[in-house]
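To start, the structure under review is shown below, and the notes come after it.
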Amino acid sequence: MGLYLNPGNEAFRQAVTDDIYIDKTKMIALINQKLNRSRVKYVCVSRPRRFGKSMAADMLAAYYGRGCDSGDLFRGRKIEKEESFPVHLNQHNVIRLDIQRFLFDESHLDIFIDKIQEAVIRELETEYGGSFIKDQYGLPGVLGQIYAHTKKGFIFIIDEWDCVFRFAKERQEIQKAYLDFLRGLFKGAEYVELAYMTGILPVKKYGEHSAINIFKEFSMLNPGPFAEYFGFTEEEVKRLCGRFGVDYEKTREWYDGYLAGDFQIYNPQAVTELMDSGAFRSYWTGTETYEALKIYIDMNFDGLKESVIAMLSGVRCEIDPSTCQNDMTTFRSRDDVLTLLLHLGYLSFDEKTSEVFIPNQEIAREFMRSVKAGGWDGLIRALERSEELLQKTWALDEEAVALGVAAIHNETASILKYNNENSLTCTILMAYYSAKAYYMNPLLELPTGRGFADVVYLPRRDIDRPALVVELKWNQSAEGAIAQIKDRQYTEWLEGYTGKILLVGINYDEKKGHFCVIEEYKKHK
């Protein structure tokens, strides 16, 4: 056994003997189906930090690697029932690399590719020294010679594959050299039985095309059959909560919200920390700091700040993720930034609607920390006004609501461009930020009757508060907004709702300011 060639099973042994271990071994059967199949044997799985990527890599190395006996580690696990389990158990040469081990200092950027090759070749010499001669082709040349002499291939398991793009953000020549190295190592190589890479970012793109197009990618955008194997599922978390006596509903509010295919996925490190400590708080700090988030949400792209405000209020934002170049510096639009935040774990993604949203309370707190540190002072003051403005709405105090919305507009003028109904919608979401304590997430442009209501707030179950149907106008009239709600039958969608409904019309007149009309909806008997 070596550090890189057939590294053994000690890392996985430590994982399975931990008092909190979730069995993800059935993933091995999925990987077994890809071995030595040229079309599918190149796999790249990307997930945020803390989602179990390294543990999965350790599991695969323990299962496939020659030079150790891992049978006892998999005894009683889900994979043991699979037909392919005994076929590949400890039967393959494994080269296991953690790229970050070669890049723990900036000075390593210019030498790390050579150091990777030297380290692996040094271990290959111990076992296959008579099968190759070192030449100018480096590691690919050595592996090719070994395969020609022995007909023995290799499984490559590469963790933190993308750390180069995070450490060398501005070093395009280093990134290109690294991609060229990987391409030369894998593309068309007979010695490759499987190449499994994992990291935070998907494979780098240049324009519309992947820089290494042989890899099948499974990311936060398209998790595919790997959806349930990274992060904890609802059922897994329920069992842990029962075992440790932790409130499941509160756990769900704090750490759930990541969508992966048909699965609701929890952040595994946060859940594990919660089970150990019993404390509901953010465990994000120390992995991806709020300073990193602040850099991205402060970028000057049209609609970015509005989207952040909307998502803080519980709204989802539709994006086109196809233009993101999967690095940390190439951004051309709001959607590119939000797609990166998705890969970093700050947002969740709904494949069916192509919408991103803040997944849970833990991440919402990180956004708020970033906003407070990022010169968004007007937003913080606006949110602090929110509870009072909500109370005034329930009391049908039209003048106070108009003054409150005007104050929020003035306080956020440096953040938002205030020039149409969309920006007015953003102001209303800030104004009613406190509504999340009483209402479900706001519904924007809810299809009702013969049109769309701008914003609708529906009370949470067992919360005695009126539903709010809000219509916004620009240089028209608040009375006209109320008339439109009635004329276009916006309340028809709420016919099954038995509680009180308030109709809220708000108009912004560029010369005279904000005006508000509030009426209680009278249902027909």
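The values are calculated or read from the model by the stated rules, or taken from the named source; none is laboratory data. Owing to the predicted nature of the structure, the values given are computational and were not obtained by experimental measurement. All Cβ positions, glycine included, derive from the backbone under ideal geometry; neighbour counts span all protein chains shown. The area values use the complete protein model at the heavy-atom level, side chains included, leaving out ligands, DNA and RNA. Shrake-Rupley method; radii C 1.70, N 1.55, O 1.52, S 1.80 Å.
Assorted remarks:
- Filter pass, residue 111 being open to solvent by less than 20 Å² (accessible area, probe 1.4 Å) and of a type outside the set (Asp, Glu): no
- Identity of the residue in segment 171-180, more than 26 Å from the chain's Cα centre (by Cα) and either at positive phi or touching a residue at least 24 places away in the same chain (Cβ under 8 Å) (or both), that ends up surrounded by the fewest Cβ atoms within 10 Å (Cβ to Cβ): 177
- Residues of segment 492-517 satisfying the condition of being buried (at least 22 other Cβ atoms within 10 Å of the Cβ) and either touching a residue at least 60 places away in the same chain (Cβ under 8 Å) or in a helix (DSSP H, G or I) (or both): 504, 506, 508, 515, 516
- For segment 93-108, a residue qualifies if it is of a type in the set (Gly, Ala, Ser) and surrounded by 14 or more Cβ atoms within 10 Å (Cβ to Cβ), but none of them does.
- Single unsatisfied condition, residue 194 versus (1) part of a helix (DSSP H, G or I); (2) over 25 Å from the mean Cα position of the chain (by Cα): (1)
- Scanning segment 241-266 for residues that are touching an Asp or Glu at 6+ places or on another chain (Cβ under 7 Å) and open to solvent by 70 Å² or more (accessible area, probe 1.4 Å) turns up just one, 263.
- Verdict on residue 152 being open to solvent by 60 Å² or more (accessible area, probe 1.4 Å), under 21 Å from residue 95 (Cα atoms) and at pLDDT 90 or above: yes
- Here segment 121-149 is the region considered, the condition is being open to solvent by 40 Å² or more (accessible area, probe 1.4 Å) and β-branched (Val, Ile, Thr), and the residue that is modelled with the lowest pLDDT is 133.
- Note on segment 219-240: residues that are open to solvent by less than 40 Å² (accessible area, probe 1.4 Å) and assigned to a helix (DSSP H, G or I) amount to 6.
- Among the conditions (1) closer than 25 Å to residue 91 by Cα; (2) at pLDDT 90 or above; (3) surrounded by 14 or more Cβ atoms within 10 Å (Cβ to Cβ), residue 163 misses just one, which is (1).
- Test: residue in segment 320-330 that is of a type in the set (S, T, N, Q), in contact (Cβ under 8 Å) with a residue 24 or more places away in the chain and under 20 Å from residue 430 (Cβ atoms): no
- Among the residues making up segment 200-218, those that are among the small types (Gly, Ala, Ser) and either part of a loop (DSSP other than H, G, I, E, B) or at positive phi (or both) are 207, 211.
- Number of positions in segment 197-218 that are open to solvent by 70 Å² or more (accessible area, probe 1.4 Å) and more than 21 Å from the chain's Cα centre (by Cα): 4
- Filter pass, residue 76 being without any contact (Cβ under 8 Å) to a residue 40 or more places away in the chain and at positive phi: yes
- If the condition is being out of contact with any strand residue (DSSP E or B) (no Cβ under 7 Å at 6 or more places or on another chain) and crowded, with 22+ Cβ neighbours inside 10 Å, then segment 433-444 contributes only 433.
- Counting only helices (runs of 4 or more DSSP H) that fall entirely inside segment 2-70 and contain at least 2 residues that are within 21 Å of residue 215 (Cα to Cα) and at pLDDT 95 or above, the qualifying elements are 27-32, 53-64.
- The C-beta contact set for segment 333-356 (first residue free of Cβ contacts under 8 Å to residues at least 24 places away in the same chain, second residue in a loop (DSSP other than H, G, I, E, B) and of a type in the set (Asp, Glu), distance under 6 angstrom, 6+ apart or interchain) comprises 335/320.
- Any pair with Cβ under 6 angstrom, 6 or more apart, that starts in segment 301-313 at a residue that is closer than 13 Å to residue 347 by Cα and free of Cβ contacts under 8 Å to residues at least 60 places away in the same chain and ends at one that is of a type in the set (Ser, Thr, Tyr) and crowded, with 19+ Cβ neighbours inside 10 Å: none
- Note on segment 87-170: enclosed helices (runs of 4 or more DSSP H) holding 1 or more residues that are over 30 Å from the mean Cα position of the chain (by Cα) and over 30 Å from residue 72 (Cα atoms) are 112-128, 138-150.
- A count restricted to segment 22-49 and to residues that are among the basic types (Lys, Arg), surrounded by fewer than 18 Cβ atoms within 10 Å (Cβ to Cβ) and within 25 Å of the chain's Cα centre (by Cα) stands at 2.
- Check on residue 387, farther than 18 Å from residue 303 by Cα, part of a helix (DSSP H, G or I) and open to solvent by 30 Å² or more (accessible area, probe 1.4 Å): yes
- Some residue of segment 181-204 being basic (Lys, Arg), over 24 Å from residue 259 (Cβ atoms) and in contact with a helix residue (DSSP H, G or I) (Cβ under 9 Å, 6 or more places away or on another chain): yes
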